Amino acid sequence: MAANNRRMSGKKGAQVGSGGKRRRGLEGKGPTPPAEMRKGHAKQRAAAAKARRSLGGRPQQRRGGGKSASELVVGRNPVVEALRGGVPASTLYVQQFIDNDERVREALQLAAERGGINLMEAPRPELDRMTNGLNHQGLVLQVPPYEYAHPEDLLDAAADEGEDPLVVALDGVTDPRNLGAVVRSVCAFGGHGVVVPERRSAGMTAGAWKTSAGTAARTPVARATNLTRTLESYKKAGVTVVGLAADGEVELGDLEALRGPVAIVVGSEGKGLSRLVGETCDFRVRIPMPGGAESLNAGVAAGIVLYEAARRRS
């Protein structure tokens, strides 16, 4: 009997039933809802945008990706070129008793014609202090902070227009002129915006504005805290992420994904795509170069792929 008790003592207590949970678990969750009802899906965005348009609603307000710091353009030639190029400006500072040459007159005329730019006369010591002793030549132009979009706003803008997203993301591109050139190409070929990382990347400076030839006023630039996570969220929304690489497995002419929602990722001219970004891409695409060049400028490479995407969508 003692032995029997020992055997019984090793067993658990009374067995408790599942309360029907196992049976309900076998029933499943039902059929997968259509794409238009799945949150974050590209078709759901498009359906929501269509509903807003049918109700006469306004597009959603941008959540914003932060603001850059204000910037000073210093010197007579740079100030005149910035005003010619349509760079946004809030104040033009002119040194007291300045020699009134042709460039000074043109700067004053351009600022007056544009409107909305304050003209301030300041003594030379004050301009020296503002510019930290740079050779300002009596002209200083203040560029207001740029207000970045949120990366998801670019997808929303495409949905509002009833189009598949066409976005360019820059990975490690630090020259503002390249950013301006990409913005110009995105605008020219019907893209919906540009994404730049928050760190170690070119921003919308006066140089980027000038290179964009005014198109930055119509093409949003979004800033991502983490580019890899942003691209992953794009993929979850149904966007194909295409990275440009000299050793890419797919040639540009064979890439059918350009007909649909796509984000084109352009790396730096020297290093190309970073490792994590490259691993996130659905395709790594190469641009054929019969001339034998090792690489292309980031702005040129983006323009070529954007043209191909626009050609296939037309």
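The values are calculated or read from the model by the stated rules, or taken from the named source; none is laboratory data. Predicted model, so just to flag it, every value in this text is computed and none were measured. Glycine gets a Cβ as well: all are built from the backbone with ideal geometry, and neighbour counts include every protein chain shown. Calculation scope for accessible area: heavy atoms of the full protein, side chains included, ligands and nucleic acids excluded. Shrake-Rupley method; radii C 1.70, N 1.55, O 1.52, S 1.80 Å.
Just a few scattered comments:
- Sparse-neighbourhood loop sites, trypsin sites (Lys or Arg not before Pro) in the stretch 244-314 - DSSP loop, at most 10 other Cβ within 10 angstrom: Lys271
- Per the Kirkwood formula applied to alpha carbons, the stretch 101-168 shows a radius of gyration over Rh ratio, Rg over Rh, of 1.24.
- The stretch 143-302: C-alpha pair distances exceeding 22 Å, %: 35
- P(r) for the stretch 103-142, from all Cα pairs and a bin width of 10 Å, is 27, 51, 22 %, short bins first.
- Surface composition of the stretch 134-255: carbon and sulfur atoms hold 43% of the protein heavy-atom accessible area at a 1.4 Å probe.
- Note on the stretch 248-289: Rg/Rh from C-alpha atoms, Kirkwood Rh, equals 0.95.
- Gyration tensor verdict on the stretch 164-213 (Cα atoms; rounded if a/c is under 1.5, prolate if a/b is larger than b/c, oblate otherwise): oblate
- Near Arg286, the amide H atoms lying under 5 Å from its own belong to Ala245, Gly248, Val250, Glu251, Leu252; only residues 5 or more places off or on other chains count, and H is placed 1.01 Å from N.
- Percent of Cα pairs exceeding the 18 Å cut-off, where the set is the stretch 211-272: 52
- Only Lys, Arg (+1) and Asp, Glu (-1) charged, at Cβ; the stretch 150-296 dipole about Cα centre in debye: 580
- The mean of 1/r over all distinct Cα pairs in the stretch 66-105, once inverted, gives the Kirkwood hydrodynamic radius of 11.6 Å.
- For the stretch 153-214 and the stretch 270-292, distance of Cα centres in Å: 18
- A 1.4 Å probe, protein heavy atoms only, puts the accessible area of Phe283 near 80 Å².
- Loop-resident sites, the stretch 173-237, for trypsin sites (Lys or Arg not before Pro), counting at most 14 other Cβ within 10 Å (DSSP): Arg199, Arg200, Arg218
- Formal net charge of residues neighbouring Ala112 (Cβ-Cβ distance under 13 Å; K, R +1; D, E -1): 0
- Rolling a 1.4 Å probe across the protein heavy atoms gives the stretch 76-179 an accessible surface of 49 Å² per residue.
- Radius of gyration and Dmax over the Cα atoms of the stretch 82-195, both given in Å: 18.9, 56
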